[in-house]
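Data block below; observations after.
The values are calculated or read from the model by the stated rules, or taken from the named source; none is laboratory data. A quick note: this is a predicted structure, and the numbers were derived from the prediction, not measured. Quick reminder, even Gly has a Cβ in these numbers, built from the backbone with ideal geometry, and neighbours come from all protein chains shown. These area figures cover heavy atoms from the full protein model, side chains too; ligands, DNA and RNA do not enter into them. Shrake-Rupley method; radii C 1.70, N 1.55, O 1.52, S 1.80 Å.
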Amino acid sequence: MTYTDDPIDGTEEAPDLLEREGFANAVAFALETYRVQKSSSVVALVGPWGAGKSSVIGLIRRGLRKQGSDDGRPWTIVDFNPWLFQDLTSLQIGFLGALQGALGRSKRTARRKAVRAAVGSIGKRIAPLGGLGAAVGLNLSEPLKGIAALIEGQEDPKRDQDELDALLLKDKSPVLVVLDDLDRLSPDELLLVFKLIRLVGRLPYVHYLVAYDEDTLLDVLSRTGLVGARDLRRASDYLEKMIQLRLDVPPLRDAQISSLVDEAINSMAETIRLEVDDRDAARFATAYAAHIRSRLDTPRSIKRYVAQVEAMYPSLSDEVDPVDFLLLSWLRTAEPLLYTRLPAERVDLAGASDMFEAFRGGRAKPSERRDHWVGIFKASKVAKRHRDGVAEVLGSLFPRFTAIWNAQNQFGRSDGGVKRIANRDYFDRYFAFDVPREDILDSQAAAAYAAIVEDRASDEVDAFTIALRAHAQLGVNKLEALFNQGRDPDSAERMLIWIARQLPSIPENHDFISPHRIAANLCVRLYLQLRPDKAVLDRVLDNLAGIEGGMVLGARLVSGASEHFFSGSADDVEIRTSTYPRASAHFVELIEATFDSQSGVGPLDLPDDVWLLMWSWRAINSASARDWIARRVADGTWSRFDVAAQLVSTRTPTGVPNPVWTFRAPNARPVEDIHAD
């Protein structure tokens, strides 16, 4: 299938795929009855935008040529495109020029010159004086003399018209003036064209074939001074007076539409190498059957849709969900005003980036959110009859929207699946037709992940490391999505250690969701996915002990495991609930070794990350921690008062710019433990 908007003519280069040749031949046969009639007639070819009117005109031309003529007077066909002219003056002169060119083709030189002169004379009388010098195609010899004669009233206008009629009646050469796309004209231009046809162009053996979309043309007519008040009934009545024969372009049959769409999409899929699984195919089929099918009802609408996808998808083929791209591309072509509003409604469609944004977006009542979107549909000129169908397509893209349209509550963040437009990490790609600078290519993330779990260096890992430091949430999301595709325990171990090595260079602040905390939380989730083997868990904790900040991370992992509720098979749950606590006991040994290495340092002089381990130690095995402190106090290495002072902790509000640190009261229980002996 050819995806250009050029009309076809039924030749091998531009075949008649819609089987319109039979209709075109019937029109050509009807026009044959007008060919031998001297009275001028106007034939209308009516069809909606994109129905193929221009192509049908091409087929009609072909049919007229095939028919020929028995009397040796074939049609002279001339095109006049009124929408090509910049103003009313040039349009008027252009019309007369087209007439002069079509009528001045008599084989008799004298008659040909007389016809041209007669048309030129009429043109001089009706054309504005300022436009005469710019006339194109008119034989205006000695124009100043003609103007003077006109002003002086020395010539009778009706005499010129009668003279031209007499010449054409003798010549009997049929002329067909084709005017396509009348619905593109402004009200003043359209009214002028009709006046020219009715008052000037109704000449013997001169006929007109006009093509237009009726709804649009009636709307334009209703805005002219002739009809006025946007009265469509009066506009329709006026049109009936102009048109002698109305011919409607046959609508596409269901079988034709299905065949065209199937052929177009299959060809498109092959061209852009589109690959979808059965589930994705079913998702597209559901949205297509629900609404899209009814809107792909003309050759142009089908071609425009397919052309959009073919032009824009290849650059993003590995970075977006193919079905989402297909659905959004249809929305962009069918409802462009609505499409342009979507980026501004990101929170409603793809969820909030954090809880604060979620609460801000969640203040409106469900009914108010629906009313908001009904207002968007109205402002975007979505026809009322199409609103529910368009809403269903939007719901296929954004699950949150379905809840909003149904006036249901929808809070928080809605990531959707990997590469889905409902996933905030991918939302911008669909509108930028590119991967934004602050984004991370999926292909880059996949290559980096493969190298990480294979424990090898690569340029992709280096690039991803830089991206992770700048965009921790995005990088973590991509790594976790890649891991979740297989959930391999060995991969979890290697990725956990790799992230642990990056943590010191990931910014740590006091935001509610800091980049450092995001990465550390992924490590916790990976720790819970490790093989439930004490040797494996011990090995991971041992490796962390040799990494900067690794012991603090280890404390977080052990704490997360102690609070986690394992699920799965009964055997797996039993193994994990017994294995992870034993690994915690090994971590206590690592903590004790860390403090032993600092035995000569008082509690107030210990690094913060070391003292933090005391809280983890006490949470895992308070007796062991108490005994260790007691030994240090007993041998005089530590002072009871210094230990008590160290137990005075500080706190700072989270998510507040420039937070102020404050003291908290000492934790009484640890102090009692210290003085227990």
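Details
- Residue match in segment 218-225 (condition: under 22 Å from Val393 (Cα atoms) and open to solvent by less than 10 Å² (accessible area, probe 1.4 Å)): no
- For the criterion of being under 28 Å from Val610 (Cα atoms) and not charged (D, E, K, R), Ser562 passes.
- Hey, Ser569 hydroxyl-bearing (Ser, Thr, Tyr), in contact (Cβ under 8 Å) with a residue 40 or more places away in the chain, farther than 19 Å from Gln646 by Cβ and surrounded by fewer than 18 Cβ atoms within 10 Å (Cβ to Cβ) or not: no
- Selected residue (only one of Arg456, Arg429 is part of a loop (DSSP other than H, G, I, E, B) and among the basic types (Lys, Arg)): Arg456
- Of everything in segment 33-53 that is of a type in the set (D, E, K, R) and open to solvent by less than 70 Å² (accessible area, probe 1.4 Å), the residue that is farthest from the chain's Cα centre (by Cα) is Arg35.
Here is a yes/no grid of residues against (1) in contact (Cβ under 8 Å) with a residue 12 or more places away in the chain; (2) open to solvent by 40 Å² or more (accessible area, probe 1.4 Å):
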site: Ala211; (1), (2): yes, no
site: Leu245; (1), (2): yes, yes
site: Ser267; (1), (2): yes, no
site: Ala282; (1), (2): no, yes
site: Ala285; (1), (2): no, yes
site: Pro314; (1), (2): yes, yes
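- Across segment 504-519, the qualifying residues are those that are closer than 21 Å to His564 by Cβ and in contact with a helix residue (DSSP H, G or I) (Cβ under 6 Å, 6 or more places away or on another chain), and the one among them that is most open to solvent (accessible area, probe 1.4 Å) is Ile518.
- Residue that is within 30 Å of Val573 (Cα to Cα) and either at pLDDT 90 or above or not basic (Lys, Arg) (or both), where the choices are Asp511, Asp533: Asp533
- Among the residues of segment 274-298, those identified as closer than 18 Å to Ala264 by Cβ and not hydrophobic (A, V, I, L, M, F, W, C) are Glu275, Tyr288, His291, Arg293, Ser294, Arg295, Asp297, Thr298.
- Residue pairs whose Cβ atoms lie under 6 Å apart, separated by 6 or more positions or on different chains, with the first residue in segment 34-51 and more than 19 Å from Ile197 (Cα to Cα) and the second at pLDDT 90 or above and of a type in the set (Val, Ile, Thr), are Gly47/Val249; Ala51/Val249.
- Matching helices (runs of 4 or more DSSP H) fully within segment 268-354 where at least 3 residues are among the charged types (D, E, K, R) and within 22 Å of Ala255 (Cα to Cα): 299-312
- Within segment 317-350, considering residues that are among the polar types (S, T, N, Q) and open to solvent by 20 Å² or more (accessible area, probe 1.4 Å), the one nearest to Ala364 (Cα to Cα): Thr340
- Out of Phe401, Phe433, one residue alone is surrounded by 20 or more Cβ atoms within 10 Å (Cβ to Cβ) and within 19 Å of Glu335 (Cα to Cα). It is Phe401.
- Screening Tyr205 against (1) buried (at least 20 other Cβ atoms within 10 Å of the Cβ); (2) touching a strand residue (DSSP E or B) at 6+ places or on another chain (Cβ under 7 Å); (3) under 21 Å from Leu18 (Cα atoms) leaves a single unmet condition, (3).
- Within segment 524-547, the set of residues being under 10 Å from Thr579 (Cβ atoms), of a type outside the set (Asp, Glu), open to solvent by 20 Å² or more (accessible area, probe 1.4 Å) and not in a helix (DSSP H, G or I) comprises Arg531, Pro532.
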